[in-house]
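Heads up, the thing below is written out as structure tokens.
Just so it is clear, none of the values below were taken in a lab; they were calculated from the coordinates. Everything quoted here is computed from the prediction, not taken from an experiment. A quick note on method: Cβ atoms are made from the backbone with ideal geometry, for glycine too, and the neighbour counts reach across all protein chains shown.
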Ligand code: ADP
Ligand code: MG
């Protein structure tokens, strides 16, 4: 039975999508079958594998509208053992439509429960908001993984986010376990980054540190994650080390 990990932080631009794509790809390199769920109207995860979100008849919007259609929205990518449930820019309209539905927080759970046996891991890339849609991810997830940028402006919101998750756990999903924090876009030359990293480490379980490097951003332009196209880089190795730690925590 697949384990569901949601990758979330209420701040945008902190490396959520990059982490989801790279850990997803790295899990396939460890022989795991993986489904990536794009739960952000910006569709960055779908696009980071080279797909145009406008080309799909069915997407996460279809699924949130009718969870029984989940099988129609998932497709296999060219990466072996990696499937995607794509997002759509129309996802922006879904939150207000869900408000009137009694099962508004359980829609994604109803869908993913059907496909959970087909994958070893399901990773959900969340949007930077604690919307009804994001709560759907927290309700269905077994684990939460939090990327945190090593900048004071981003760090400011991390503690608030972590305590919001604790409240969410108590109210909506007592089984949700935290895998820890991955420091992202780390610049080892900058004092700001060093100080924020030290503070993250003091208050959280730190799974790894991803440096700011063009190996990550240039891979996106090639339509594949860094761990697949820039395999020999230090950062790709770090993504794979983090992935192995996740496997150990989940399966060990
Ligand atoms: P989020 O999903 O939290 O909004 P992204 O993963 O999309 O964040 O990252 C924001 C931007 O930063 C993207 O353009 C991405 O390519 C770039 N980026 C992410 N991680 C790194 C890194 N380690 N080094 C350099 N650029 C990065
Ligand atoms: Mg994103």
> So for 90, 185, 47, fewest C-beta neighbours within 10 Å to most, what's the order?
Replying inline: 90, 47, 185
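Of all beta bridges DSSP finds with both residues in region 3-251, what is the antiparallel percent, to the nearest 5?
Details: 2 of 31 bridges.
Within region 3-251, antiparallel bridges account for around 5 percent of the total.
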> So what's the back-of-envelope 222 nm ellipticity for the chain, counting only DSSP H runs of four-plus at -39500 (n - 2.57) apiece and dividing by all residues, rounded to 500?
Replying inline: -13500 deg cm²/dmol
>> Suppose R0 equals 35 Å. What FRET efficiency, 1/(1 + (r/R0)^6) with r the Cβ-Cβ distance, do residue 248 and residue 99 give to the nearest 0.05?
In response: 0.30
>> Under 37 °C and 0.692 mPa s, how fast does the chain diffuse according to Stokes-Einstein, given a Kirkwood radius computed over C-alpha pairs? Answer in µm²/s, whole number.
In response: 182
> Counting DSSP beta bridges with both partners in region 37-182, what percentage is antiparallel, nearest 5?
Replying inline: 20
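Given a Förster distance of 35 angstrom, what is the FRET efficiency for residue 194 paired with residue 52, based on the Cβ-Cβ distance and rounded to 0.05?
Details: r = 40 Å, r/R0 = 1.14.
After rounding, the FRET efficiency stands at 0.30.
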> What ranking of 205, 70, 115 emerges when the number of other C-beta atoms within 10 Å of each C-beta is taken as an exposure proxy, fewest first?
Replying inline: 205, 115, 70
> Say each of residue 221 and residue 75 gets a label point 7 Å from the Cα, pointing the same way as Cα to Cβ; how far apart are those two points in nm?
Replying inline: 2.5
> Using alpha-carbon positions, what is the distance between the centroids of region 211-238 and region 5-26, in Å?
Replying inline: 14
> What FRET efficiency would be calculated for the residue pair residue 167, residue 92, taking the C-beta separation as r and a Förster radius of 30 Å, to the nearest 0.05?
Replying inline: 0.70
